[in-house]
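The values are calculated or read from the model by the stated rules, or taken from the named source; none is laboratory data. None of the values given here were measured: they were computed from a predicted structure. As a convention, Cβ positions derive from the backbone with ideal geometry for all residues, glycine included, and neighbour counts pool all protein chains shown. Surface accessibility is based on the protein's heavy atoms, side chains included, excluding ligands, DNA and RNA. Shrake-Rupley method; radii C 1.70, N 1.55, O 1.52, S 1.80 Å.
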Amino acid sequence: MEASEYSWYDKRYELQDQNACLPDNWADTDLRVDYYCSKWAWDAPCKPFTKESIASFRDAMRKCLSLAVQLYEEVLIAPHLDRVAGSSKRGKWRNMLRFDPLQKDRHGNSYWEIMLQPLLQAANDAFNSSKGKTLHFAMGGEMGGTLLNHPAQYLKISNATRAAWKAPARLQLGVTFYHAYTPGQINHQPDPKGVKPLPDSPLGTLDGGYGPLLPYDKWPGVAQLRAVLPDFKRLLQEAQFIGVSNYAREVWVAVRGEDYLQVLDGATYKPTRRIQVPNGPGMIIFSPDGKYAYVCSTFTPETVVIDTASYEVVKRIKQASTFCPNIAATPDGSQVWFTLKDSGKVQVFSAQPPFNSIAVLETGAITNHVNFALTPNGQFAYVTIGGLRQVKVFTTGPQPKLVATIDTGDNPHGLWPSGDGSRM
């Protein structure tokens with residue numbers, strides 16, 4: 001069937017990359033997997049799985065995960081399928097595939113057998129002596145189509161995975177999605193108003209997403225999606241994490257030797273605009289919701305707040321001294337903290353309008369970095385004090401208070417929390 005036969009298809013999209021995720025593929029009724037295959041080199045042929053190749057995959061992943069466990073406290077596995085180059089299913093993107101993960105292909109293999117089960121076996125072995133560490137195991141990476149169409153099967157896989165997990169490490173089982181506005185995604189919004197110009201880059205998107213699309217109830221196959229919606233809701237409720245791919249549309253760069261921020265296109269990395277700020281921008285941090293950017297200075301005693309939608313400075317905050325090496329926003333989006341290395345202070349202000357000052361803390365000589373841990377006991381700020389060889393811990397309430405002092409080695413500098421807030 002030709003793409004032009006669909007009333008909801010925007011023909012301008014044919015001008016885009018011919019291997020992109022075209023709407024004619026979204027409406028295609030045959031988005032199953034013909035068969036599963038593997039290859040160990042980019043230009044090698046893709047051969048159907050056998051017991052031997054599944055075992056080789058499992059053993060290779062065991063070695064890989066064993067190294068990851070040595071290096072990191074938390075490990076994420078987010079597996080996905082890709083179309084074989086040169087196959088007849090040109091443009092069939094992994095996120096639109098509607099395969100049943102437990103259904104066997106023509107060679108007798110299922111997604112569970114060739115992907116998830118060997119990964120689970122490898123992880124069980126790799127984490128066998130790793131008490132206190134965490135494995136985040138996604139049942140699919142950026143494969144929303146199969147999750148939306150076969151949630152009952154993934155509930156079975158979820159139960160089987162939990163039952164088979166024997167390692168002492170903590171298992172977090174979840175699902176991940178792509179962020180675009182296509183069937184099988186985590187989000188969707190109304191069509192953009194009016195006719196929007198095509199983006200400059202074939203990798204770009206129309207304003208409003210990869211569309212425009214009709215509303216959800218007009219999607220091809222919506223009856224099937226509605227029928228399994230209760231199971232899909234249950235799958236999300238039982239998931240211990242939900243991941244959403246977040247590909248940057250822009251990159252903001254602090255040019256410390258100048259008086260501006262350079263904004264780059266997130267796909268091409270070409271400069272798109274400059275934002276004027278006080279001389280010597282030291283660091284940029286964004287609010288958790290992405291609405292504001294906070295920029296402190298290393299040459300000028302002034303921090304600015306920028307509205308990310310308009311690129312306008314909406315607040316100027318006087319710094320207690322000039323040299324700010326580090327700035328951070330609290331995970332709950334309520335406060336911004338920045339350090340002042342030359343005066344041994346930390347300043348705190350509200351992350352939301354009107355961005356009022358909260359505190360100026362005397363922390364000590366060579367105050368370096370600040371970061372936060374969101375714990376069962378509350379949210380805390382950790383500050384490295386190089387001159388004192390200490391890390392100081394503060395509450396993050398309306399009146400921050402010192403609650404702990406931790407001795408370290410010489411000149412503590414950067415610090416970062418673990419994802420679960422249990423370590424700094």
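Brief remarks follow.
- Test: A163 is modelled with pLDDT of 95 or more and open to solvent by 10 Å² or more (accessible area, probe 1.4 Å): yes
- Filter result for H136 (at pLDDT 95 or above and open to solvent by 20 Å² or more (accessible area, probe 1.4 Å)): yes
- Only one of L71, L97 that is farther than 16 Å from K39 by Cβ, in contact with a helix residue (DSSP H, G or I) (Cβ under 8 Å, 6 or more places away or on another chain) and either at pLDDT below 95 or of a type in the set (A, V, I, L, M, F, W, C) (or both): L97
- Hits in region 120-146 - residues which are in a helix (DSSP H, G or I) and either farther than 30 Å from A223 by Cα or touching a helix residue (DSSP H, G or I) at 6+ places or on another chain (Cβ under 6 Å) (or both): L120, Q121, A122, A123, N124, D125, A126, G144, G145
- Qualifying positions in region 362-381 - part of a strand (DSSP E or B) and either out of contact with any Phe, Trp or Tyr (no Cβ under 6 Å at 6 or more places or on another chain) or not aliphatic (A, V, I, L, M) (or both): E362, T367, N368, H369, N371, F372, L374, T375, G378, Q379, F380
- Selection over region 245-278 of residues that are under 19 Å from N326 (Cα atoms) and not acidic (D, E) gives a count of 12.
- Residue count, region 281-339 (criterion: open to solvent by 30 Å² or more (accessible area, probe 1.4 Å), closer than 25 Å to Q399 by Cβ and without any contact (Cβ under 8 Å) to a residue 40 or more places away in the chain): 4
- Of everything in region 36-53 that is open to solvent by 30 Å² or more (accessible area, probe 1.4 Å) and in a helix (DSSP H, G or I), the residue that is nearest to L102 (Cα to Cα) is K51.
- Meets criteria (at pLDDT below 95 and loosely packed, with under 14 Cβ neighbours inside 10 Å) for T268: yes
To keep it simple, each residue is scored yes or no on (1) buried (at least 20 other Cβ atoms within 10 Å of the Cβ); (2) in contact (Cβ under 8 Å) with a residue 60 or more places away in the chain; (3) among the hydroxyl-bearing types (S, T, Y).
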{"position": "L361", "(1), (2), (3)": "yes, no, no"}
{"position": "V370", "(1), (2), (3)": "yes, no, no"}
{"position": "L374", "(1), (2), (3)": "no, no, no"}
{"position": "T395", "(1), (2), (3)": "no, no, yes"}
{"position": "D410", "(1), (2), (3)": "no, no, no"}
